[in-house]
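A short write-up of the structure that comes next.
The values are calculated or read from the model by the stated rules, or taken from the named source; none is laboratory data. Everything numeric here is computed off the predicted structure, so don't read it as measured data. Reconstructed Cβ throughout: ideal geometry from the backbone, glycine too, with neighbour counts over all protein chains shown.
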């Protein structure tokens, strides 16, 4: 019989020892918080005198206020109301059709085909497209390629609010200098 040293204990070889955990004390049941008051959407609170509190003027349109032109649950494309900052037509002879869209969510292999089809449809008759990528959390190379190819089709594509990680990827692969692709300042 050959003794084995394990943490200063001598254990003779033989059948495997059964190890059991010491029973843990049962914690007392947590106190159940009192039920919350039921809150249902309803009319705005009444102001003194019986009127409803409301802003004096409507707020200006914001990206995402309009219904999405594309939404698959992972990627959403919403029209940006314009003209607005960065969305005014380019100065020159004659009006230049300009449109802007905000992309939100993620572009991956499950959404890239929908993105390509929708951007092709939206940009079909435009000379210039503005894309706000500020709410885009992730894009793989295929998604960025769709955006860059939009610029390669002889139209100007201006990217707004490009997240630093996506801008870095565009720079690493050299697409940040692609003809027709610009970054808004």
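When 126, 159 are checked against the criterion of being within 17 Å of residue 100 (Cβ to Cβ), modelled with pLDDT of 95 or more and crowded, with 16+ Cβ neighbours inside 10 Å, a single residue qualifies: 159.
Yes/no matrix, rows are residues, columns are (1) more than 17 Å from residue 101 (Cα to Cα); (2) modelled with pLDDT of 95 or more; (3) buried (at least 16 other Cβ atoms within 10 Å of the Cβ):
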{"residue": "115", "(1), (2), (3)": "no, yes, yes"}
{"residue": "131", "(1), (2), (3)": "no, yes, yes"}
{"residue": "148", "(1), (2), (3)": "no, yes, yes"}
{"residue": "152", "(1), (2), (3)": "yes, no, no"}
{"residue": "163", "(1), (2), (3)": "no, yes, no"}
{"residue": "170", "(1), (2), (3)": "yes, yes, yes"}
{"residue": "183", "(1), (2), (3)": "no, yes, no"}
